[in-house]
Amino acid sequence: MTQTAAGVKGRSFETKIERISLDKRVESAVDSLAVEEPLEIRIGFGGEHRAVSITMRTPGADAELAAGFLFTEGILHAPAEIKAVKHCGKFPNNQNTIRIDLAEKTSVDLKRLERNFYTTSSCGVCGKSSLEALTVAGAREVLETGAAKIPTGIIHRLPEILSRHQTIFHETGGLHAAALFDFAGNLIDLREDVGRHNAVDKLIGRQFLDKKLPLAEKILFLSGRASFELVQKAVMAQIPVIAAVGAPSSLAVEAAREFNLTLLGFVRENRFNIYCGGNRIEARAP
């Protein structure tokens, strides 16, 4: 990575700036920025390998990101399908290309490798087509959690818990976070990235590699808004509850209803909205 000014420090980038105040006073300072670099995800099978996706991400947890992406896109189904994961490329110490080699006898749907993944909100297809594509990817309705319900007080505490553990965000202010909680409000894991979908892929990818899927009676908490592609990833991992600091999109709500998820938005300042699946939240006052 090219270093300018103060240079790179871990997953943050320090650079010299001039800070202008209201009284037009100019101060020299050093600011920390979130590192953003491309990652090419490749898949190896049958003696060949091909590129599957390129995403802009914060370096770190690349194996989790690649595994999580391939799982949530319906290409991988179990950790046993992976033979090896390694960075590769034409240049020494290349950390921006990662390859997942598949185990023998692992079948790959080549048509799925050739399609345009729903990784942005500008995919150019209608909502109905998006929901149908999610079903084709192997998504299934999230099972009911039985008698287990989440007290509203726990939902209110999630933003503060997330904030305390967002170490890189506090340095840079430029990262999204995805966290996994149990229904008792215990933090299980957290990932940060410049891309909100990357943060979720890293989070789910770690659980996938650790053979902890499906993620029943878990909460996916998002530091930003809840979009369709993030609901898609939760459905694939069988996470029953999504809570977001920001608003959901219309298609996110449709998908959550279609696949029996609980979707909460505007979880901040001791309030939140229930968009669907209120049966998993402890009884509310009328």
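Quick look at the values:
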item	result
Any hit, segment 269-276, residues being surrounded by 24 or more Cβ atoms within 10 Å (Cβ to Cβ) and on the phi < 0 side of the Ramachandran plot	no
Residue in segment 183-192 that is among the hydrophobic types (A, V, I, L, M, F, W, C), out of contact with any Pro (no Cβ under 6 Å at 6 or more places or on another chain) and part of a loop (DSSP other than H, G, I, E, B) present	yes
Number of the exception - R257 against (1) in a helix (DSSP H, G or I); (2) touching a helix residue (DSSP H, G or I) at 6+ places or on another chain (Cβ under 7 Å)	(2)
All strands (runs of 3 or more DSSP E) inside segment 17-107 with 3 or more residues being among the aliphatic types (A, V, I, L, M), surrounded by 13 or more Cβ atoms within 10 Å (Cβ to Cβ) and modelled with pLDDT of 90 or more	37-45, 97-102
Inter-residue pairs, beta-carbon under 7 Å, first in contact (Cβ under 8 Å) with a residue 40 or more places away in the chain and in segment 189-216, second of a type in the set (K, R) and assigned to a loop (DSSP other than H, G, I, E, B), 6+ apart	none
Enumeration of residues in segment 136-176 that are among the hydrophobic types (A, V, I, L, M, F, W, C) and either modelled with pLDDT of 85 or more or under 19 Å from I239 (Cβ atoms) (or both)	A137, A139, V142, L143, A147, A148, I150, I154, I155, L158, I161, L162
Residue within segment 199-216 that is in a helix (DSSP H, G or I), under 17 Å from the mean Cα position of the chain (by Cα) and of a type in the set (F, W, Y) present	yes
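The values are calculated or read from the model by the stated rules, or taken from the named source; none is laboratory data. This structure is a prediction, so every number in the text was calculated from the model and none was measured. Virtual Cβ from ideal backbone geometry, glycine too; neighbours counted across all protein chains shown.
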